[in-house]
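Undergrad: Please see the structure below; I have some questions.
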Amino acid sequence: MKKVLVTAFEPFLDYESNSSMIVLGRLNEKDIKTLLLPVSYKRARLELIKAIDNLRPDYVLSLGMAYGAKKIRIEHLGINYQASQSKDNDGIIKNGDKIDLGLDAIFTRFDDNYIINNLKEHQIPVELSLSCGGFVCNTVYYTALEGTSGKALFMHLPEERENFSIDTMVEAVERVIDYLKNVEVTL
């Protein structure tokens, strides 16, 4: 059985909750490790590196919340770039900094089209997104991809609302975890 590490984020800015954190708390999956990350460029990266080094997961699935999103977004790549007009929870604003001296971008090695089609077959609103952008979500995705040689995936979840429940998001994440537990990705 594959070891899967699932990460999510605490609330940030003026928001009292974060759908990724709520979903992480409701997962009923066995044989997964979970990690709640701070919305901090520096601390999230360091905590994730430490978790990957200690746990040695086969795969990492990271969850984040995309305010205003209408669908779940499966992110295709992580970019070596940090920039946002919003402060992280440490009060830091990044203006185009590199995360590290690594590659400019790292692609997920998972079949994101298969994942998207599987979720659509179960009437879960989902779409492909090229990248997470430049905020902390991207820093975490790039770090996970770098630390696992591309064996990571990022799912941006919408806010909970009347037409997009936490239960639907939990179902989507559990389906992706099942895929990760059963897929074989080689170098």
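The values are calculated or read from the model by the stated rules, or taken from the named source; none is laboratory data. These numbers were taken from a predicted model, which means no experiment stands behind them. When we count neighbours, we look across all protein chains shown, and the Cβ atoms used for this are built from the backbone with ideal geometry, even at glycine.
Undergrad: Determine whether Met65 is within 19 Å of Ser129 (Cα to Cα) and in contact with an Asp or Glu (Cβ under 7 Å, 6 or more places away or on another chain).
TA: In short, yes.
Undergrad: When only residues in the range 69-91 that are touching a residue at least 60 places away in the same chain (Cβ under 8 Å) and not in a loop (DSSP other than H, G, I, E, B) count, which is farthest from Leu145 (Cα to Cα)?
TA: It comes out as Ile72.
Undergrad: In the range 130-141, is there at least one residue being in contact with an Asp or Glu (Cβ under 7 Å, 6 or more places away or on another chain), outside any loop (DSSP other than H, G, I, E, B) and either over 23 Å from Glu10 (Cα atoms) or of a type outside the set (Val, Ile, Thr) (or both)?
TA: yes
Undergrad: Mind checking which pairs have a first residue in the range 161-184 that is under 26 Å from Met1 (Cα atoms) and a second that is polar (S, T, N, Q) and surrounded by 12 or more Cβ atoms within 10 Å (Cβ to Cβ), Cβ under 8 Å, 6 or more apart or different chains?
TA: As it stands, the answer is Met169/Ser19; Arg175/Asn118; Tyr179/Asn118, since those pairs meet every condition given.
Undergrad: Next up: Of the residues Asp53, Asp90, only one is in contact with a Lys or Arg (Cβ under 9 Å, 6 or more places away or on another chain), of a type outside the set (S, T, N, Q) and more than 22 Å from Glu159 (Cα to Cα); which?
TA: None of the other options fit; the residue is Asp90.
Undergrad: Next up: Among (1) in contact with a Leu (Cβ under 8 Å, 6 or more places away or on another chain); (2) surrounded by fewer than 24 Cβ atoms within 10 Å (Cβ to Cβ), which single condition is Gln123 missing?
TA: Gln123 satisfies every listed condition except (1).
Undergrad: Cβ-Cβ under 6 Å, sequence separation 6+ or interchain: first residue in the range 102-118 and surrounded by 13 or more Cβ atoms within 10 Å (Cβ to Cβ), partner at pLDDT below 95 and among the acidic types (Asp, Glu). Which pairs?
TA: Between residues of the range 102-118 that are surrounded by 13 or more Cβ atoms within 10 Å (Cβ to Cβ) and residues that are at pLDDT below 95 and among the acidic types (Asp, Glu), there is no close pair.
Undergrad: Another question, then. Does Phe107 qualify as being more than 19 Å from Val39 (Cβ to Cβ) and either touching a helix residue (DSSP H, G or I) at 6+ places or on another chain (Cβ under 8 Å) or among the hydroxyl-bearing types (Ser, Thr, Tyr) (or both)?
TA: In short, yes.
Undergrad: Hey, could you check the range 9-34 for residues that are part of a loop (DSSP other than H, G, I, E, B) and among the hydroxyl-bearing types (Ser, Thr, Tyr) and say which is modelled with the highest pLDDT?
TA: The selected residue is Ser17.
Undergrad: Follow-up question, since we're still on this one. Would you mind stating whether Glu146 is of a type in the set (Asp, Glu) and farther than 23 Å from Ala51 by Cβ?
TA: Answer is no for this residue.
Undergrad: A follow-up question, please. Going through the range 23-79 one residue at a time, which ones are among the hydroxyl-bearing types (Ser, Thr, Tyr) and surrounded by 22 or more Cβ atoms within 10 Å (Cβ to Cβ)?
TA: Across the range 23-79, the qualifying residues are Tyr41, Tyr59, Ser62.
Undergrad: Same structure again: Before we move on, is Ser20 crowded, with 23+ Cβ neighbours inside 10 Å, closer than 22 Å to Ile106 by Cβ and of a type in the set (Ser, Thr, Tyr)?
TA: yes
Undergrad: Report, by residue number, each residue of the range 142-163 that is touching a strand residue (DSSP E or B) at 6+ places or on another chain (Cβ under 6 Å), hydroxyl-bearing (Ser, Thr, Tyr) and not in a helix (DSSP H, G or I).
TA: Thr148
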